[in-house]
Amino acid sequence: MKWQQRQASNLDQELIEDYGLTDIQAKLFALRGINTAEKLDFWLNADENDLADPFLMHDMEKSINRINQAIDNGEKITIYGDYDADGITATSIMMDTLEILGADVHFFIPDRFKDGYGPSMSRYQEIVEDGTKLIITVDNGVTGVEEVKYAQEHGVDVILTDHHTFQDQKPASFSTVHCNYPGQKYPFDDYCGAGVAYTMCRALMQDAMPELLDLAMIGTIGDMVKVTGEGHIIVKRGLDILNQTERPGLRALIKQAGLTMGQITATDVGFNIAPRLNAVVRLADASLAVELLLSDDEEQAEEIATKIEELNNERKELTAEVYEKCLAQVKEKVWQHRNTLVLYSPDFHEGVLGLVANKVVEKLHKPTLVLTKDENGELKGSGRSSNGFNLFDTLEPMKDDFLDKFGGHDFACGLSLKADKLEELRSRFEKSFKPNTDLEVKDFDFELNLREVTPDTLTEINLVGPFGTGNPEPVFSISEPHIKSLFKMGKDKNHVKFTAEKNNGKLTIVGFNKGFLNQNLLPFIKELYVTLSLNSWKNVSTVQGMLAGIEYGAPKLAVFDQVIDMRQEDYVMGFADRYLIFDKNTISWARNGLGIPEEKLSLAKDYHGNSEIVALLDTPRNQLELNTALENKYHQLYLRFLFDKLPINNLPSRDAFGKTLKYIYAHPNLTIDDYQVVSSYLGLDYQAILFILRVFFELRFVSFIDGKIIGNKSPESKKLTASRYFTSVASQIKFKNQLRTMPSDQLISYVKQYLK
């Protein structure tokens, strides 16, 4: 990862004075391109009355006329929603408005486990048969070509409202209201489903309908669409409405989340309110969430909110459970060497697969698919991508070959396939991996003066919000801080808290999932990147930093030896001038997984530098490789030995070889893929099986005929050591273990004798 500072021209002094901006506000507005009187006035003062004419949106007038007709004629209307926070709030917005107008209106939210994503033909058929005369889709519909056609042919009009990307063919609906319809005149093109529904309700009521903005805001934040342009009005005014909402359902949900009315922020909505609505979808019937938002009964709302809280806690537990099983599977299968991961178990809960895939990517930096088996025996799952890897473009070509369903975008997807296609998916996914040469770049705003940070600073910053997509939360740097009082937090001690000091100022900083930080690493911290939040305890409010990133550098104040043993540190620091790699296949891992710039990577055999700070990153295969690498002149040399490309970590026992050979003779005509299942029966991981099979093939104990593994009749008796592959890997494993377990003083002494 690479951090770069945002750049922009300073605001005119006249603007700063006219709008009474503080120094920090002026800087942040300038960096976000809000740099004219018109833009500042919109940002600070615009409200729902400044939204564009809803009738500019495609087919709006036609849609409104049809809805009014349905109301006048007493026709049954069904809102066809979607099962996420956006779809839930969009459904609630339409229901709320149409009920005010006296419509005979009902709603349907698909079951993610039974109906899947988007339109379902069987559900459309049920809705048509149930007497509905008008279907209004919210947050879905653009993919429902056949479903919409069916409804229209059976005398049921469909008004399609959506914000998702159109496919090659548009549904032939009665009308289509879409924030990004080609050629329309509506000026804002990045509404979520709830935003489009709110726009339609403005048109229906011929009113700004501010009472719906709390719901539209939750959908906007939950779906991560822009909070700039009209999105800014939706979120800003929606937060105002939410903080004084009279909706019993929202008040009950806020109470369960432990939030305080009047102090709820966009961050609170994104991390506490939207996830609770989504938890219902992941584990139960999403209709429950709509009932909560529409409830006008305090007691009922409390009951539903309590149930949702239980579901949210269950969601957290299931996510943690499946995540740990995924990590265990990677370790068991020895997939640390792979560039991609396809993780599967019939025991994984379908509702949390996307969350788990995201956590695995954050941990292992590999594009990941997480799959389970549904009640029909089909594999279903979600995928998430690592930096620079386009998940959609990679999987889309496989759709026609063996994927039954597939959809998504660059960094996330959903898919389904037949169980017998799992290994083909795993193989194709791995082969499709192309290393990205570009580091992920993140922006920060400017250096933070710790002496000037007070709770009032946050008040100043919040004027530039609300923050989200298109208006990123400010990130500040702290260069060359002095760090004190580091301690670990959490059940697994995976979080840290410390104090950063500089120029007589200080800031308490919390770092989640930064448990690798320890006293040994603190001198190497060159730059901290933080966001700011308010921490209230016993009616005392203080500002704390939330750690967003770290940049390392060689310590300037500490005196170190020429050789430094860093084998016990799990985290790679980015301060070295050069990182030497022994195995060229490790380069993509170092570049993508560890975020080391390509210009800092060199193969050890090709390095001839002079007086640089160098780290030996992976493990050499033998002593000769190590000795050759040491015959250079280094300013400092860091010994890391973090990674190796060995096919196995430890040699299988002789008993394992014997047991496997016996199984081969007893079960002829199995393929290599079949041994994925057999491996667990034999008590071995699959990589160990592959190693054993390769040794047997070299010794001519087995043959591969038409992809089948056959035990040879009367093979020549040979020792395992007669296999060059066996002895080579055995030697490398022995050397690797020696290198990683050798006492530090002994290792350093050995290295120094070779250095120039």
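Observations on the structure shown:
- Among the residues of the range 167-202, the ones that are surrounded by 15 or more Cβ atoms within 10 Å (Cβ to Cβ) and either in contact with a strand residue (DSSP E or B) (Cβ under 8 Å, 6 or more places away or on another chain) or of a type in the set (S, T, N, Q) (or both) come to 15 in all.
- Looking across the range 430-472 at every residue that is more than 16 Å from residue 33 (Cβ to Cβ) and of a type in the set (Asp, Glu), the one that is modelled with the lowest pLDDT is identified as 438.
- Summed over the range 500-548, residues that are over 16 Å from residue 449 (Cα atoms) and in a loop (DSSP other than H, G, I, E, B) total 12.
- Scan of the range 118-147 for residues that are assigned to a loop (DSSP other than H, G, I, E, B), crowded, with 16+ Cβ neighbours inside 10 Å and either in contact with a Gly (Cβ under 6 Å, 6 or more places away or on another chain) or charged (D, E, K, R) (or both), ordered by number: 119, 133, 138, 139, 140, 143
- Single residue of 305, 301, 328 found to be among the hydrophobic types (A, V, I, L, M, F, W, C), surrounded by fewer than 19 Cβ atoms within 10 Å (Cβ to Cβ) and assigned to a helix (DSSP H, G or I): 328
- Condition met for residue 34 (among the aliphatic types (A, V, I, L, M) and in a helix (DSSP H, G or I)): no
- Positions within the range 148-189 being of a type in the set (Ser, Thr, Tyr), over 17 Å from residue 231 (Cβ atoms) and assigned to a loop (DSSP other than H, G, I, E, B), in sequence order: 165, 173, 181
- Residue in the range 36-57 that is under 35 Å from the mean Cα position of the chain (by Cα), of a type in the set (S, T, N, Q), surrounded by fewer than 19 Cβ atoms within 10 Å (Cβ to Cβ) and at pLDDT below 95 present: no
- Listed by position, the helices (runs of 4 or more DSSP H) inside the range 653-756 whose residues that are touching a Ser or Thr at 6+ places or on another chain (Cβ under 8 Å) number at least 1 are 675-682, 686-698, 724-741.
- Which numbered condition residue 635 misses (of (1) surrounded by 15 or more Cβ atoms within 10 Å (Cβ to Cβ); (2) more than 29 Å from the chain's Cα centre (by Cα)): (1)
- If you go through the range 454-479 and pick out every residue that is outside any helix (DSSP H, G or I), among the aliphatic types (A, V, I, L, M) and in contact with a Leu (Cβ under 6 Å, 6 or more places away or on another chain), you end up with 2.
- Some residue of the range 266-284 being surrounded by 21 or more Cβ atoms within 10 Å (Cβ to Cβ), among the polar types (S, T, N, Q) and modelled with pLDDT under 95: yes
- Taken over the range 368-407, residues that are surrounded by 17 or more Cβ atoms within 10 Å (Cβ to Cβ), part of a loop (DSSP other than H, G, I, E, B) and more than 16 Å from the chain's Cα centre (by Cα) amount to 0.
- Filtered residues of the range 287-301 (kept if more than 23 Å from residue 113 (Cβ to Cβ) and in contact with a helix residue (DSSP H, G or I) (Cβ under 8 Å, 6 or more places away or on another chain)): 294, 295, 296, 297, 298, 300, 301
- Looking only at residues of the range 555-580 that are among the hydrophobic types (A, V, I, L, M, F, W, C) and more than 18 Å from residue 522 (Cβ to Cβ), we find that the one that is modelled with the highest pLDDT is 580.
- Residue among 112, 32, 66 that is surrounded by 15 or more Cβ atoms within 10 Å (Cβ to Cβ), in contact (Cβ under 8 Å) with a residue 40 or more places away in the chain and outside the structural domain of residue 152 (by TED's automatic domain parsing): 32
- Contacts under 7 angstrom Cβ, first residue in the range 508-534 being closer than 9 Å to residue 496 by Cα and of a type in the set (Phe, Trp, Tyr), partner surrounded by 15 or more Cβ atoms within 10 Å (Cβ to Cβ) and modelled with pLDDT of 90 or more, 6 or more apart: 512/495
- Selection within the range 308-325: residues that are out of contact with any His (no Cβ under 9 Å at 6 or more places or on another chain) and farther than 20 Å from residue 257 by Cα. The member of this set that is surrounded by the fewest Cβ atoms within 10 Å (Cβ to Cβ) is 324.
- If you go through the range 58-99 and keep only what is charged (D, E, K, R) and within 36 Å of the chain's Cα centre (by Cα), you end up with 59, 82, 84, 86, 96.
- A single entry from 429, 487 fulfils the requirement of being touching a residue at least 12 places away in the same chain (Cβ under 8 Å), outside any loop (DSSP other than H, G, I, E, B) and aromatic (Phe, Trp, Tyr): 429.
- Subset of the range 152-175 [farther than 14 Å from residue 60 by Cβ, among the aliphatic types (A, V, I, L, M) and in contact with a Lys or Arg (Cβ under 8 Å, 6 or more places away or on another chain)]: 156, 172
- A search for C-beta distances below 7 Å between a residue of the range 701-730 that is on the phi > 0 side of the Ramachandran plot and outside the structural domain of residue 671 (by TED's automatic domain parsing) and any residue that is assigned to a strand (DSSP E or B) and surrounded by 15 or more Cβ atoms within 10 Å (Cβ to Cβ), counting only pairs 6+ apart in sequence or on different chains, returns nothing.
- Scan of the range 610-665 for residues that are without any contact (Cβ under 8 Å) to a residue 12 or more places away in the chain and more than 30 Å from residue 712 (Cβ to Cβ), ordered by number: 624
- In the set 209, 205, only one residue is more than 26 Å from the chain's Cα centre (by Cα), under 30 Å from residue 68 (Cα atoms), touching a residue at least 40 places away in the same chain (Cβ under 8 Å) and crowded, with 20+ Cβ neighbours inside 10 Å; that residue is 209.
- The residues in the range 220-265 that are surrounded by fewer than 22 Cβ atoms within 10 Å (Cβ to Cβ), within 18 Å of residue 88 (Cβ to Cβ) and of a type in the set (Ser, Thr, Tyr) can be counted, and the count is 1.
- Which numbered condition residue 181 fails, given (1) over 27 Å from the mean Cα position of the chain (by Cα); (2) without any contact (Cβ under 8 Å) to a residue 60 or more places away in the chain: (2)
The values are calculated or read from the model by the stated rules, or taken from the named source; none is laboratory data. Quantities reported herein were computed from a predicted structural model and do not represent experimental measurements. Glycine gets a Cβ as well: all are built from the backbone with ideal geometry, and neighbour counts include every protein chain shown.
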